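Written below as structure tokens is the structure these notes are about.
The values are calculated or read from the model by the stated rules, or taken from the named source; none is laboratory data. Everything quoted here is computed from the prediction, not taken from an experiment. As a convention, Cβ positions derive from the backbone with ideal geometry for all residues, glycine included, and neighbour counts pool all protein chains shown.
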Amino acid sequence: VSTVSHELRTPLTAIAGSLGLINGGALGEVPQTMRQMLTIAHSNSQRLSALINDLLDMDKLVAGKMQFDLQAKLMQPLLEQALLHNQPYAEQHQVTLRLQVDDDALVHVDAQRLAQVMANLLSNAAKFSPSGGSVLVRLQTIGERLRVSVSDNGPGIPETFKSRIFSKFSQADSGDTRQQGGTGLGLAICKEIIERMGGQIGFDSPPRHGATFWFELPIQGVRHEPSPDPR
């Protein structure tokens, strides 16, 4: 899998980049009749690239070859950065990202891998939220663990899908869910990453009342007062 994925990634990156340049007018004005087809081709090449990256990540995780740089860090600054980086994607779906900090504490995390987990949870929440809605990211302590939760107001998770939601290549079977795209690997990768950092991940989803995905990490040392809202 790793060898094939690497061989596919290089030409796909070139294809996606070339299509993006053409559609952006780098070679001159693109006729409107052609622009839609170029946009579809560019979008699908990006989806294939995302699938290959997910396959490579999962292969490394399963083989125990993914490197983790665990450091003691406060969670609030990492979440603020995650919201900043993912807000443009949320805006494409006309969704606002909000952060609520009840408590903060030091935890052992790999900041880059945590950003990967947050990008997946936030993009999922934005995709399934109604236009004009919001996604709430909450930071709180639960006993001796620090919990991060991501809540949306979407359609929720089908009952038949809940038991396999963290399995590889799993996607809900409904047409609405399929239309949202995705590789079916994102949540499986999130689970592997969080568990490698000594934590656990789960979700809550009452019927037709949205979904909340959460993960918890062991607290290292004393709790900290949350930083004031920069706004």
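Structure notes:
- Of all residues in the stretch 112-122, exactly one satisfies the criterion of being closer than 11 Å to residue 152 by Cβ and in contact with a Gly (Cβ under 9 Å, 6 or more places away or on another chain), namely 121.
The rows are residues; the columns are (1) among the β-branched types (Val, Ile, Thr); (2) over 17 Å from residue 189 (Cα atoms); (3) assigned by TED's automatic domain parsing to the domain that holds residue 107.
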{"position": "23", "(1), (2), (3)": "no, yes, no"}
{"position": "30", "(1), (2), (3)": "yes, yes, no"}
{"position": "34", "(1), (2), (3)": "no, yes, no"}
{"position": "45", "(1), (2), (3)": "no, yes, no"}
{"position": "49", "(1), (2), (3)": "no, no, no"}
{"position": "56", "(1), (2), (3)": "no, no, no"}
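- If you filter the stretch 136-156 down to residues that are assigned to a loop (DSSP other than H, G, I, E, B) and touching a strand residue (DSSP E or B) at 6+ places or on another chain (Cβ under 7 Å), you find that the one that is surrounded by the fewest Cβ atoms within 10 Å (Cβ to Cβ) is 144.
Listed here are the residues, each with its yes/no results for (1) touching a Cys at 6+ places or on another chain (Cβ under 8 Å); (2) aliphatic (A, V, I, L, M); (3) surrounded by 14 or more Cβ atoms within 10 Å (Cβ to Cβ).
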{"residue": "34", "(1), (2), (3)": "no, yes, no"}
{"residue": "38", "(1), (2), (3)": "no, yes, yes"}
{"residue": "42", "(1), (2), (3)": "no, no, yes"}
{"residue": "57", "(1), (2), (3)": "no, no, yes"}
{"residue": "65", "(1), (2), (3)": "no, no, no"}
{"residue": "80", "(1), (2), (3)": "no, no, yes"}
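- Among the residues making up the stretch 165-188, those that are modelled with pLDDT under 90, surrounded by 14 or more Cβ atoms within 10 Å (Cβ to Cβ) and not in a loop (DSSP other than H, G, I, E, B) are 177, 186.
- Selection within the stretch 191-216 - of a type in the set (A, V, I, L, M) and touching a His at 6+ places or on another chain (Cβ under 7 Å): 197
- Scanning the stretch 14-44 for residues that are of a type in the set (S, T, N, Q) and modelled with pLDDT of 80 or more yields 18, 23, 32, 33, 36, 39.
Matching residues to (1) touching a residue at least 12 places away in the same chain (Cβ under 8 Å); (2) in a loop (DSSP other than H, G, I, E, B); (3) within 21 Å of residue 133 (Cβ to Cβ); (4) touching a strand residue (DSSP E or B) at 6+ places or on another chain (Cβ under 6 Å):
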position: 67; (1), (2), (3), (4): no, yes, no, no
position: 85; (1), (2), (3), (4): yes, no, yes, no
position: 91; (1), (2), (3), (4): no, no, yes, no
position: 97; (1), (2), (3), (4): yes, no, yes, yes
position: 105; (1), (2), (3), (4): yes, no, no, yes
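- Complete set of residues in the stretch 20-61 that are in a helix (DSSP H, G or I), hydrophobic (A, V, I, L, M, F, W, C) and free of Cβ contacts under 8 Å to residues at least 60 places away in the same chain: 21, 22, 34, 37, 38, 40, 41, 48, 52, 56
- For the stretch 198-216, a residue qualifies if it is of a type outside the set (S, T, N, Q) and either under 14 Å from residue 118 (Cα atoms) or under 16 Å from the mean Cα position of the chain (by Cα) (or both), and the qualifying residues are 201, 202, 203, 211, 213, 214, 215, 216.
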